[in-house]
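Structure first, commentary second.
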Amino acid sequence: MTIIPSSINKVFWGLIIVLIDINIIIIDILPDIIGYLIVVSSLNQLLAYSSNFSKAKGLSICLALLSLVTIFQGPPIPMDEFSLSNMTLFVLAISTVHGILHLFMVYYTILGLIELAEKEGFMLFAKSANKGIYIYVIGSLISLAAVPFFMNVDESAGFYVIGLSAITTIIMEIIILVLLRQFRIRFLSV
């Protein structure tokens, strides 16, 4: 059973790496692919405990490959110089697909952990975690739905839409990180 807290810890740190973006000029020095590969390796250790981990692992592999696109980012574009081009639409599409895949990867990972918690008899904790994952899903979907509004509003409103979307995304990711920590602590006590 000691492999479970260790694997949950790896998922936690993998998602931290994905959440943090440190760019020097145009190169991401902490690329998301590293975080997703850590998540893949930890989910690989949990495959025997739930089929949800297998689904999450497949999505993590897709995310690792998709994140290769984001290693070299162009210089930031000021809002007043932003224009809707084919490249911009491509980047927005990739970003949206990435967000949806990430949402499902996290969802299946947490579902697998909830299943493990129920097997261990942590019913109240599993019920609480279930509420947490649904808050995450709803918040993430709201954040993803904001992207089309960004393209259809004026510049100042677009700034607020993107800002609120970014804040919502960060809050949702923190909810998942806290939930992972709670799972790890719960399984360490077994």
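The values are calculated or read from the model by the stated rules, or taken from the named source; none is laboratory data. Quick caveat: nothing in here was measured; it's all calculated off a predicted structure. Using ideal geometry, Cβ is built from the backbone for each residue, glycine included, and neighbour counts are taken over all protein chains shown.
Scanning region 86-118 for residues that are without any contact (Cβ under 8 Å) to a residue 12 or more places away in the chain and over 20 Å from Leu19 (Cβ atoms), which turns out farthest from the chain's Cα centre (by Cα)?
Initially, region 86-118 is screened for residues without any contact (Cβ under 8 Å) to a residue 12 or more places away in the chain, giving 86-91, 93, 118.
Narrowing further to those that are over 20 Å from Leu19 (Cβ atoms): 86-90, 93, 118.
On the way: Asn86: 26, Met87: 24, Thr88: 22, Leu89: 22, Phe90: 20, Ala93: 17, Glu118: 24 Å.
Filtering first and then ranking leaves Asn86.
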Open item on the list: Looking at region 127-145 only, could you name the residues that are surrounded by fewer than 19 Cβ atoms within 10 Å (Cβ to Cβ) and either small (Gly, Ala, Ser) or closer than 16 Å to Val39 by Cβ (or both)?
Closed with: Ser128, Gly132, Gly139, Ala145
Open item on the list: Here is a check on your reading of the model: is Leu92 surrounded by 14 or more Cβ atoms within 10 Å (Cβ to Cβ), at pLDDT below 95 and of a type in the set (A, V, I, L, M)?
Closed with: yes
Open item on the list: Considering only region 154-176, I want to know if a residue exists there that is in a helix (DSSP H, G or I), surrounded by 17 or more Cβ atoms within 10 Å (Cβ to Cβ), modelled with pLDDT of 80 or more and of a type in the set (D, E, K, R).
Closed with: yes
Task: Any pair with Cβ under 9 angstrom, 6 or more apart, that starts in region 174-190 at a residue that is over 14 Å from Ser140 (Cβ atoms) and ends at one that is among the charged types (D, E, K, R) and not in a helix (DSSP H, G or I) - done: Arg186/Glu120; Phe187/Glu120; Val190/Glu120
